[in-house]
Amino acid sequence: MSPNAFLGEFEQMVLLAILKQGEHAFALEVRREIEESAHRKVSRGAFYTTLDRLERKGMVEWAEAEPTARRSGPLRRFTVTPEGVAALRTSRRALETLWNGLDLLAEEG
Amino acid sequence: MHRGPPARVRAWLLGVLPPGARGASMVADLDDEYAAMPEGFRRDLWYRWEALRLGWHYRLMGSGVQAGDDRHHMTMGRGEGTMRSLWRNLGHGVRRLRRDPALAAVGMGTIALGVGATVAIFTVVNAVLLEPLPYERPQELVALFEADLDRGVDRNVANAGNARAWEDQAPSLREVGGAVVAQSAVVESPGEPQEVMASSVTPNYFRLLGMEMALGSPMSDDAGGRAATEVILSHRFWNSAFGADPGVVGRTLSVNGSPHEIVGVLSPGYVAFGEESAFFRSVPLTRMGDQTNSGRYLWVVGRMTPGAEVARLQQELDVVGRNLQEAWPDLNAGWTVRAVPLQEDVVGDSATGLWVLLASVGILLLIACANVANLLLSRATERRQEMAVRTSMGASGRDLFRQLVAESLVLAGAGGVLGVALAHAGTTLLAEAMPGAFALPRVAEAGVDARVLVFAVSVTLLTGLLFGLVPALEARRTAPARVLNAEGRGPSRATGRLRGALVVAEVALSLTLLVGAGLLARSFTTLLSVENGIRPEPVLTARVNLSGGRYADGEARSRFFQELVDRIAQEPGVDAVGANTFLPMVGLGAATSFRDFDAPVPPREEWPTADIRNVEGDYFGAMGIDLVAGRTLRATDGSDAPQVVVVNQSLASRLWPGADPVGRRLAISWGPLEEPWEVVGVVEDVRIKGPDTEPRPSIYHSYRQAAYFPFMQLAIRASGDPAALAPTLRGIVGEMDAGIPLSQPRLMASVVRDAVARPRLTTFLLGLFATVSALLAVVGLYGVLSYAVARRVREIGLRMAIGADGGRVLSMVVRQGMTLVLVGLAVGVVLAVLTGRVLSSLLFGVQSVDPVTFLGATAILGAASLAACVLPGWRATRVTPAEALRDG
């Protein structure tokens, strides 16, 4: 397993949000998805640089989509690569292993 | 109308973000969100903020994008944001300084000294010179004076009718207002009666300046009517006397025994011409031809029409002034009008001194920088191995450069913070040690504002770059191979030359400061030794003001002061006692024109001016003013006796050169001109306005014949300690009338001292800065030589081993140092000559190229430098061959 397979929490959220948005995985929608489901503000700069980083790691790809008439510039549609999906799985498994046996404790907390 | 996002910030963002669709799509995302928001100011603000955040995120942190993105990569160095690398370098700098506490302490201390002095002086310069007056459109405000250059008067207070005529006739002048200042008044509310300074202003005065009321309302517009019983409190007096009581408006203030209604409290801030006033009453702006329009007493401020220029206004006033001369020759013959920007007038003659001080602390800071640069250079030589190792491990020249600059910035930053604290402590200390020395206009407003902060931060950064750049550039030049080779461990030739140049610069600059300080010190001692015409020790003075109902006429006032002086004279410990309407050296006083009564009448504009003083008791004896001819004024020179005066030597020699003045007669334009005053005596000249002014003609009346003013200043010559007489004095005044305050009891010696407070402060500060600079320069020289000796231990040891004696070695080291010093001194003399020219307006009785000062300063600095050379030289002679070999 390459070291790139370890994902940060925010990276996981970005990947999951892209997957969830599917056909509509444009930057604005992905960011909104994260903000709504995680109930937290996402800094624009951190968001884009994370996308850049995931792209560099080969987990995310993007292609230009047809923009609406009123849009002032190009529109990027993001997709998660098979490597990205694999990394998400790895992270989830690792977490689940760690969580095993801690359910009671977590519920009490 | 639909408007797009702010174009400039959008263009900037596009330039900062990665190129191509990547960046453009981010901007388009932002645009989409913008379009979805409700239109308005807040939306634009939001866009700017978000764009800046995003842009800076990319600029500082770097995107980390590699593929096809070279432009971006370039700015980040090894995939790391500039900011992050800066932080890393700064952190490194902090650790490095912690490892070398001696370097850190000396460097920080030196920088703190330089930055502290510079920031302290700049704070004052900022408040006094740079900050515009705190008024509405201050550039439109002018101070308007009358001038009579033939009689040596260039900024005289004005006649109110004239001021009104200027307003009516000069098109560039929209409005004038005026103030009658420094009126003393006795107030009784609240509490004990006390004498305070007050002003009377025209009712429009504060509106004209653009000053607001903190409480209540401005005065009524009719100065003669309702406004006559209204007062406005100054913010300071409201605080001190009324404890900032918000319910003060509508209450009564008893002024000189008559009730006045408090209608308002002025907002805080500098009050042009009335800064010292506790409160303000109203004075009407009379018209020419009005019965009451006489004399000159009004400080006039004018507001020009928007866009008008002072030069144009002056031309208009020249014309108006000529018309007024023709129309009212009795009042105006010889008088012209002068317009000066208000700011310039307020700042006055304090500007030169302040700029000189700022320049001198600037030099001090430069010397401090040179010293720290020198220190770092000596360390840099020791650290060449460290640098070489780093280089061979892959650090680029730029990395080393950055690292060293970051270290310097850390040093400068720490020194700067310390310096600002030092500046604060220093000014507070100085203000306590020399009260009255800060008698500069507007200095009370001095404080840390945005400009001072920006100044302090820039000075600190600049300092860091200045002393850090030299060693950092040096480090880049060094080739690793040469250094790692043991032979190359000594200082490079170039570094040695550089350090020599720094020493030369330090010596030159500190000589300049020493000469400047020396010139001021000589000028100051000359000032102190000027014959003032008085013997101020041991004399106690105090002020008694009879303003108010019970002493309305001159007769009653005169009787009071006669009795007061008589009773004081009977007290033990009193040698002589008298009183005068105005104290010498204070600058304030009355003056009028006069002529020889028995000579042909000259045209009005040719009448000379004399200072008018009214005296009681043995004033001349108490103040130590010598009688030159005739007699002084006596108790018999009362209201029913013939009118007599005593004049000073200047007046006598002006009207009757070479002849006996006693028995001659004067016409004085203060009272009826057809009743002459006979001269019964001549006293020596007194410098009324301070030691640096020329004596003017003076006329002394007996107060019994001319009780022109309701107050007098007592002068009591004591046989013992004069200060011990103050309680007695207070007791006597209280017994005579409990409603009369005795104010400002002071030793005459301290009055004289205060007259030279400003030159004293300038001299003291410049002297301090020069001394510190010289010390820094000498320490710098010592450091360079010690270091050179330490590096040459082996060579010196060998020389000694083959028979060189100690004297030879000593002279070799001393010669090396003194060569630098002599070059520095030569450059310094040239600089000092140039500096002297700038200083000349501050000098009194000393030439700007004063040989004594130049030789003295050169000798002192030369001697100190010699000592700094001899010490390391002497140490060199103690080197033994064995030591030398070990050290290799």
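The values are calculated or read from the model by the stated rules, or taken from the named source; none is laboratory data. Every value quoted in this text rests on a predicted model; they were computed, and no experiment measured them. Please note: Cβ atoms are built from the backbone with ideal geometry, for glycine as well, and neighbour counts cover all protein chains shown.
Numbers for the structure displayed
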| quantity | calculated |
| --- | --- |
| Residue among B:834, B:839, B:822 that is hydrophobic (A, V, I, L, M, F, W, C), within 24 Å of residue B:496 (Cα to Cα) and assigned to a helix (DSSP H, G or I) | B:822 |
| Count of residues meeting criterion [of a type outside the set (A, V, I, L, M, F, W, C), part of a strand (DSSP E or B) and modelled with pLDDT of 85 or more] in the stretch B:701-747 | 6 |
| Verdict on residue B:637 being among the charged types (D, E, K, R), within 16 Å of residue B:614 (Cβ to Cβ) and crowded, with 18+ Cβ neighbours inside 10 Å | yes |
| Selected residue (only one of B:4, B:55, B:64 is within 12 Å of chain A (Cβ to nearest Cβ), over 52 Å from the mean Cα position of the chain (by Cα) and modelled with pLDDT under 90) | B:64 |
| Number of positions in the stretch B:669-689 that are at pLDDT 90 or above and closer than 20 Å to residue B:704 by Cα | 8 |
| Scope the stretch B:579-616; condition among the β-branched types (Val, Ile, Thr) and in contact with a helix residue (DSSP H, G or I) (Cβ under 8 Å, 6 or more places away or on another chain); matching residues | B:586, B:609 |
| Odd one out for residue B:693 among (1) within 41 Å of the chain's Cα centre (by Cα); (2) touching a residue at least 24 places away in the same chain (Cβ under 8 Å); (3) under 20 Å from residue B:582 (Cα atoms) | (2) |
| Selection within the stretch B:652-664 - touching a residue at least 40 places away in the same chain (Cβ under 8 Å), outside any loop (DSSP other than H, G, I, E, B) and in contact with a strand residue (DSSP E or B) (Cβ under 6 Å, 6 or more places away or on another chain) | B:655 |
| Enumeration of residues in the stretch A:52-68 that are under 14 Å from residue A:14 (Cβ atoms) and more than 9 Å from chain B (Cβ to nearest Cβ) | A:54, A:57, A:59, A:60, A:61 |
| Exclusive hit being modelled with pLDDT under 90, farther than 30 Å from residue B:368 by Cα and buried (at least 16 other Cβ atoms within 10 Å of the Cβ), set B:580, B:545 | B:545 |
| Close pairs from the stretch B:669-683: first within 19 Å of residue B:621 (Cβ to Cβ), partner polar (S, T, N, Q) and crowded, with 22+ Cβ neighbours inside 10 Å, Cβ under 6 Å, at least 6 apart | B:683/B:648 |
| In the stretch B:791-834, the residues that are among the β-branched types (Val, Ile, Thr) and at pLDDT below 85 | B:793, B:796, B:802, B:809, B:813 |
| Any chance residue B:667 is in a strand (DSSP E or B), over 36 Å from the mean Cα position of the chain (by Cα) and within 30 Å of residue B:150 (Cβ to Cβ) | yes |
| Which listed residue, of A:43, A:37, A:72, A:91, is within 14 Å of chain B (Cβ to nearest Cβ) and over 17 Å from residue B:25 (Cβ atoms) | A:43 |
| Residue list for the stretch B:256-269, restricted to those being over 23 Å from residue B:207 (Cα atoms) and either loosely packed, with under 14 Cβ neighbours inside 10 Å or within 34 Å of the chain's Cα centre (by Cα) (or both) | B:258, B:259 |
| Among (1) in contact (Cβ under 8 Å) with a residue 60 or more places away in the chain; (2) closer than 30 Å to residue B:662 by Cα; (3) surrounded by fewer than 16 Cβ atoms within 10 Å (Cβ to Cβ); (4) charged (D, E, K, R), the one test that residue B:687 misses | (3) |
| Residue match in the stretch B:334-343 (condition: in contact with a strand residue (DSSP E or B) (Cβ under 7 Å, 6 or more places away or on another chain), within 27 Å of residue B:215 (Cα to Cα) and surrounded by 22 or more Cβ atoms within 10 Å (Cβ to Cβ)) | yes |
| Sole exception among (1) part of a helix (DSSP H, G or I); (2) more than 30 Å from residue B:111 (Cα to Cα); (3) free of Cβ contacts under 8 Å to residues at least 24 places away in the same chain; (4) hydrophobic (A, V, I, L, M, F, W, C) for residue B:800, by number | (3) |
| Selection count, the stretch B:7-18, where residues are within 12 Å of chain A (Cβ to nearest Cβ) and either exposed (fewer than 14 other Cβ atoms within 10 Å of the Cβ) or assigned to a loop (DSSP other than H, G, I, E, B) (or both) | 3 |
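Residues are listed down the side, and each one gets a yes or a no for (1) touching a residue at least 12 places away in the same chain (Cβ under 8 Å); (2) within 31 Å of the chain's Cα centre (by Cα); (3) over 30 Å from residue B:410 (Cα atoms):
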site: B:125; (1), (2), (3): yes, yes, no
site: B:131; (1), (2), (3): yes, yes, yes
site: B:168; (1), (2), (3): no, no, yes
site: B:176; (1), (2), (3): yes, yes, yes
site: B:181; (1), (2), (3): yes, yes, yes
